[in-house]
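Each remark here refers to the structure printed beneath this line.
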Amino acid sequence: MGTIADNVIATLRANGVTRAYGVPGDSLNGFTEAMRRDGSITWRLVRHEESAAFAAAADAELTGELAVVLGSCGPGNLHLINGLFDAQRSRVPVLAIAAQIPSAEIGSGYFQETHPQNLFQECSVYCEMVSDPTQMPRMLQTAMRAAIQERGVAVLVVPGEVAQAEAVDERVTVIERGRARVVPAADQLDRAAQLLGASKRTTLLVGAGAAGAKDDVLALADRLAAPVVHTLRSKQEIEGDNPFDVGLTGLLGFASGYRAMEEADTVLMLGTDFPYRQFYPQGATFIQVDLRGEHLGRRVPLDLGLVGDVGDTIRALLPLLQPASDRKHLEDAVKHYGKTRDKLDELAQPPKKGIFAKKGQPIHPQYLARLVDEIASDDAVFIPDVGSPVVYAARYLECRGDRRLIGSFIHGSMANALPQAIGAQLAHPGRQVVTLSGDGGLAMLMGELLTVRQHDLPIKIVVLNNSSLNFVELEMKAAGLPGFGTDLHNPDFSQVAEACGIKGFRVTESADLEGSLREAFAHDGPALVDVVTERQEMTIPPAISAEQVKGFTLYALRTVMSGRGDELLDLSRVNLRQIF
């Protein structure tokens, strides 16, 4: 008879798992030894357990399959929690095995004692402790099924001696994903058709729940003559080759997406839980379609809420709809999108001579993002850090071809890009993986540069180095506050990369940027490009509220009064081009 750990590894192998992420520890010895003996699952060592969880989440998101992460008892698995929160909120299937101290010592204040079954409750769909060998493999199968079916995190807490105990039952079960067709009731579909038929200006707000239903969304947009506003998470699914797309709204969006929403008399929300209530239009009719009924109406009062799969619901709804005779709303929205894109492209240029430039001026981050978009392959996986890199990814990285764009878009954690890139590259060794890393995010988990080198992962790490927590500074300005506590005294990240065995580039002049990026992206192996970008660049949202105007006015006054008027001059110099 084998051990409990042997059975776990055999079950994971039978279910197609070929790699596991983590940092070893003595409480995990049962599992790491079982993995070594089995030989079919590769142990992917990282430098921090938080990175392991982020890597597993990216792996699961890109493959759609179960990913596995392990953490040793106490601090080891506690480090997993941030990455697991991200996986849970992104709704990707991850199995976390959290080792526990010896069962006999639980409750005694033993060395490294925590209670993972309590700690992980909020970031999981299943979280239980195996206290007796007879509970296995049933609990493993239950955990795996929960992660797969509910698309979330399942945590199995296993004391070290239980993992090494003799297995009572050695059955190995293959978990198949159950599928169902979910369509709203006929009378609700009729009501949706009536509301949409009466609408003069319909806009579609399309979220990540529309994954796999792009053709259906386009058919519906054509039938209703409706512009399509996509969320950040649906950008990779909806944006490319879409004549109805008018971009994003919200804090990361731009004017055309915002206007298409504001001009609508009916907004049809498809698979989205877009959280920013201030960007929903006042007085419009709202119809929402979501597979999870508990999400209906969370953001805005609904005239009709439909429980259903987006694709199945659209296919059931289309025969009930007459083609729209008036396409002016769509045509105006698409025309405005073209003008908005032209303005964004104007901003994505190297500094020009004149009042908007000075000698040695840092590089505009818009220009950097546009070049990354041009140079990257059509199957690239882009991963921006939370903060200003997300803004530039949303506005300048085009999801054409088979490109993917993932990140910590709901949980919003710093330092996500590099560890997620590790999981993405391991899941797809032949694809180009590119990060837009903030200097703060990279520094927070900079040890993972060693992981990149150790596993020889050809990730391209592009660093927006503005020596600040830049997005936090912008939030302070909007609140009327001078920047405080946001300065970063950075090293030359290209030299840090070289010290880790990674090809490094340092770019301080716009004229050198394209050549350095092309050389880095063509390099056969990992490469890091440290780009000195403009600190005072403002990521202006598509609509500025009176409170924000008041905040910026107060910021200007307080900045001058604090003796930092030169900062205000720099801010004006850099951002006047966004106004004129």
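Would you please name the residue that is surrounded by the most Cβ atoms within 10 Å (Cβ to Cβ), looking only at residues in region 123-147 that are under 13 Å from V162 (Cβ atoms) and of a type outside the set (A, V, I, L, M)?
Filtering region 123-147 for residues under 13 Å from V162 (Cβ atoms) gives 128-137, 139-140.
Keeping just the survivors that are of a type outside the set (A, V, I, L, M) gives 128, 131-135, 137.
Values: E128: 16, S131: 15, D132: 12, P133: 18, T134: 12, Q135: 17, P137: 21.
Only one residue fits best here, namely P137.
So which residues in region 494-527 are assigned to a loop (DSSP other than H, G, I, E, B) and either of a type in the set (K, R) or surrounded by fewer than 20 Cβ atoms within 10 Å (Cβ to Cβ) (or both)?
Keep residues of region 494-527 that are assigned to a loop (DSSP other than H, G, I, E, B), which gives 500-502, 508-509, 523-526.
Matches in region 494-527: C500, G501, T508, E509, H523, D524, G525.
Going by what's in this entry, would S103 be described as of a type in the set (S, T, N, Q), assigned by TED's automatic domain parsing to the domain that holds V153 and within 26 Å of V172 (Cβ to Cβ)? So that I can check it myself, show each step before the final result.
Values: of a type in the set (S, T, N, Q): yes; assigned by TED's automatic domain parsing to the domain that holds V153: yes; within 26 Å of V172 (Cβ to Cβ): yes.
Yes: the conditions hold for S103.
Could you tell me which of the residues L450, L445, L481 is in contact with a His (Cβ under 9 Å, 6 or more places away or on another chain) and over 28 Å from S510 (Cβ atoms)? Break it down stepwise before answering.
Numbers: L450 fails: in contact with a His (Cβ under 9 Å, 6 or more places away or on another chain); L481 fails: in contact with a His (Cβ under 9 Å, 6 or more places away or on another chain).
Of L450, L445, L481, the one residue that is in contact with a His (Cβ under 9 Å, 6 or more places away or on another chain) and over 28 Å from S510 (Cβ atoms) is L445.
Within region 227-241, count every residue that is out of contact with any Asp or Glu (no Cβ under 8 Å at 6 or more places or on another chain) and surrounded by fewer than 21 Cβ atoms within 10 Å (Cβ to Cβ).
Selection size over region 227-241: 2.
Within region 103-123, how many residues are of a type in the set (S, T, Y) and farther than 17 Å from G76 by Cβ?
Of the residues in region 103-123, 2 are of a type in the set (S, T, Y) and farther than 17 Å from G76 by Cβ.
Among the candidates R181, R171, single out the residue that is under 20 Å from D290 (Cβ atoms), outside the structural domain of D326 (by TED's automatic domain parsing), assigned to a loop (DSSP other than H, G, I, E, B) and not small (G, A, S).
Details: R171 fails: under 20 Å from D290 (Cβ atoms).
Residue meeting the stated conditions: R181.
Answer yes if at least one residue in region 7-18 is surrounded by fewer than 24 Cβ atoms within 10 Å (Cβ to Cβ), of a type in the set (S, T, Y) and either out of contact with any strand residue (DSSP E or B) (no Cβ under 6 Å at 6 or more places or on another chain) or closer than 24 Å to R138 by Cβ (or both), and no otherwise.
Checked region 7-18: at least one residue is surrounded by fewer than 24 Cβ atoms within 10 Å (Cβ to Cβ), of a type in the set (S, T, Y) and either out of contact with any strand residue (DSSP E or B) (no Cβ under 6 Å at 6 or more places or on another chain) or closer than 24 Å to R138 by Cβ (or both).
State all residues of region 359-408 that are more than 23 Å from G250 (Cα to Cα) and of a type outside the set (A, V, I, L, M, F, W, C); if no residue qualifies, say none.
K359, G360, Q361, P362, E374, S377, D378, D379, G401, D402
Has region 503-513 got at least one residue that is at pLDDT 75 or above, under 22 Å from P351 (Cα atoms), among the aliphatic types (A, V, I, L, M) and out of contact with any helix residue (DSSP H, G or I) (no Cβ under 8 Å at 6 or more places or on another chain)?
Step one: list which residues in region 503-513 are at pLDDT 75 or above, which gives 503-513.
Checking the rest, the ones that are also under 22 Å from P351 (Cα atoms) come to 505-513.
Narrowing the set further to residues that are among the aliphatic types (A, V, I, L, M) leaves 507, 511, 513.
Retained after the next criterion (residues that are out of contact with any helix residue (DSSP H, G or I) (no Cβ under 8 Å at 6 or more places or on another chain)): 511.
Scanning region 503-513, I find at least one residue that is at pLDDT 75 or above, under 22 Å from P351 (Cα atoms), among the aliphatic types (A, V, I, L, M) and out of contact with any helix residue (DSSP H, G or I) (no Cβ under 8 Å at 6 or more places or on another chain), so the answer is yes.
So G257 clears everything in (1) farther than 26 Å from R191 by Cβ; (2) small (G, A, S); (3) surrounded by fewer than 24 Cβ atoms within 10 Å (Cβ to Cβ) except one condition, right? Which one?
(3)
Hey, can you tell me all the residues within region 112-166 that are in a helix (DSSP H, G or I), without any contact (Cβ under 8 Å) to a residue 12 or more places away in the chain and closer than 17 Å to G71 by Cα?
N118, Q121
For R404, state whether it is closer than 22 Å to P365 by Cβ and surrounded by fewer than 23 Cβ atoms within 10 Å (Cβ to Cβ). Reasoning before the result, please.
Details: closer than 22 Å to P365 by Cβ: yes; surrounded by fewer than 23 Cβ atoms within 10 Å (Cβ to Cβ): yes.
Here the answer is yes, as R404 does meet what is asked.
Among the helices (runs of 4 or more DSSP H) lying completely within region 429-493, list those that include at least 2 residues that are touching a Cys at 6+ places or on another chain (Cβ under 7 Å) and either modelled with pLDDT of 80 or more or buried (at least 16 other Cβ atoms within 10 Å of the Cβ) (or both). Show your work before the answer.
Numbers: elements: 439-444, 448-454, 470-478.
Because the criterion is at least 2 residues that are touching a Cys at 6+ places or on another chain (Cβ under 7 Å) and either modelled with pLDDT of 80 or more or buried (at least 16 other Cβ atoms within 10 Å of the Cβ) (or both), the helices (runs of 4 or more DSSP H) in region 429-493 that meet it are 448-454.
Out of region 58-111, which residues are in a loop (DSSP other than H, G, I, E, B), of a type outside the set (V, I, T) and surrounded by fewer than 18 Cβ atoms within 10 Å (Cβ to Cβ)? So that I can check it myself, show each step before the final result.
Here is the first cut: in region 58-111, the residues in a loop (DSSP other than H, G, I, E, B) are 64-66, 72-74, 79-80, 91-93, 101-102, 106-111.
So of that shortlist, the ones also of a type outside the set (V, I, T) come out as 64-66, 72-74, 79-80, 91, 93, 102, 107-111.
Matches in region 58-111: G64, E65, P102, G107, S108, G109, Y110, F111.
Does region 1-33 hold any residues that are assigned to a loop (DSSP other than H, G, I, E, B) and more than 18 Å from V130 (Cα to Cα), and which are they? Outline the logic, then answer.
Residues of region 1-33 that are assigned to a loop (DSSP other than H, G, I, E, B), as a first pass: 1-2, 15-18, 23-25.
If the condition is that a residue be assigned to a loop (DSSP other than H, G, I, E, B) and more than 18 Å from V130 (Cα to Cα), then M1, N15, G16, V17, T18, V23, P24, G25 are the ones that fit.
Condition check: assigned to a helix (DSSP H, G or I) and in the same structural domain as M269 (by TED's automatic domain parsing). Does L317 satisfy that?
Values: assigned to a helix (DSSP H, G or I): yes; in the same structural domain as M269 (by TED's automatic domain parsing): yes.
Criteria met by L317.
Let me confirm something: among L95, L80, which residue is in contact with a Gly (Cβ under 8 Å, 6 or more places away or on another chain) and modelled with pLDDT of 95 or more?
Details: L95 fails: in contact with a Gly (Cβ under 8 Å, 6 or more places away or on another chain).
Testing whether each residue is in contact with a Gly (Cβ under 8 Å, 6 or more places away or on another chain) and modelled with pLDDT of 95 or more leaves just L80.
Any idea how many residues of region 268-285 are closer than 21 Å to L251 by Cα, surrounded by fewer than 22 Cβ atoms within 10 Å (Cβ to Cβ) and at pLDDT 95 or above?
1
Looking at the structure I just gave you, is A186 over 30 Å from G387 (Cβ atoms), without any contact (Cβ under 8 Å) to a residue 12 or more places away in the chain and surrounded by fewer than 24 Cβ atoms within 10 Å (Cβ to Cβ)? It would help to see each step written out before you state the result.
On the way: over 30 Å from G387 (Cβ atoms): yes; without any contact (Cβ under 8 Å) to a residue 12 or more places away in the chain: yes; surrounded by fewer than 24 Cβ atoms within 10 Å (Cβ to Cβ): yes.
Yes; evaluated as a whole, the condition is true for this residue.
Residue by residue through region 208-226, note down the ones that are part of a loop (DSSP other than H, G, I, E, B) and buried (at least 24 other Cβ atoms within 10 Å of the Cβ). Break it down stepwise before answering.
The initial filter retains those residues of region 208-226 that are part of a loop (DSSP other than H, G, I, E, B), namely 211-213, 225-226.
Within region 208-226, A226 is the sole residue that qualifies.
Confirm whether T203 is in contact with a helix residue (DSSP H, G or I) (Cβ under 8 Å, 6 or more places away or on another chain) and part of a loop (DSSP other than H, G, I, E, B).
Values: in contact with a helix residue (DSSP H, G or I) (Cβ under 8 Å, 6 or more places away or on another chain): yes; part of a loop (DSSP other than H, G, I, E, B): no.
Judged against the criteria, T203 is not a match.
The values are calculated or read from the model by the stated rules, or taken from the named source; none is laboratory data. Note that the coordinates shown come from a computational prediction; the quantities given were computed from them, not determined experimentally. Glycine gets a Cβ as well: all are built from the backbone with ideal geometry, and neighbour counts include every protein chain shown.
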